[in-house]
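Let me begin by presenting the structure, written as structure tokens, before commenting on it.
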Amino acid sequence: MRWKRRPAWGGRPLGADEWAVLQAEIVAGDLIAVDDAVEEITGFMDPFREDLDGSPVVGVTDGQLAVVKEQVIDARGRRALALSLYAAGVAGSSPDAFARLNSAASALVDYLNAEGIVVDSISWTESGPIKRPF
């Protein structure tokens, strides 16, 4: 269930004014427990509301990593928790955006396992960079 950055992700270096994007779709019998787990590991972050591509986005951020979540219905008609992780950090900096995404994804999976939260599946999707709104 771990996500690892592929070497060719993005096809070009991430700019200082961009976020790398990783999305997760989590299917579990107890989505409330999964949602609570996300709240627990992001509880130190500050809330934000910004417009991305003309749509309002609400989530939490520490300034270098932002997390947005919502409940969705997956392609099979199951309820799921969709997470969008946005990270800043140009290649060569430490940590870069991809290291931040890897750390966040690993922390989520580790926390779910440690708490004994049963997850049916996590689908990870890498997306192209977006302009950083803040």
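Of note:
- Against the test of being closer than 15 Å to TRP19 by Cα and surrounded by 15 or more Cβ atoms within 10 Å (Cβ to Cβ), the options ALA105, ALA97 yield a single qualifying residue, ALA97.
- Taken over the stretch 16-51, residues that are surrounded by fewer than 17 Cβ atoms within 10 Å (Cβ to Cβ) and part of a strand (DSSP E or B) amount to 7.
- Only one entry of GLY63, GLY89 meets the criterion of being touching a helix residue (DSSP H, G or I) at 6+ places or on another chain (Cβ under 7 Å), modelled with pLDDT under 95 and either assigned to a strand (DSSP E or B) or more than 16 Å from ASP36 (Cβ to Cβ) (or both), and that entry is GLY89.
- Qualifying residue in the stretch 67-76 (condition: surrounded by fewer than 18 Cβ atoms within 10 Å (Cβ to Cβ) and within 13 Å of the chain's Cα centre (by Cα)): yes
The values are calculated or read from the model by the stated rules, or taken from the named source; none is laboratory data. Values in this document were obtained by computation on a predicted structure and should not be read as measured data. Neighbour counts are summed over all protein chains in view; Cβ atoms, including those assigned to glycine, are modelled from backbone coordinates with ideal geometry.
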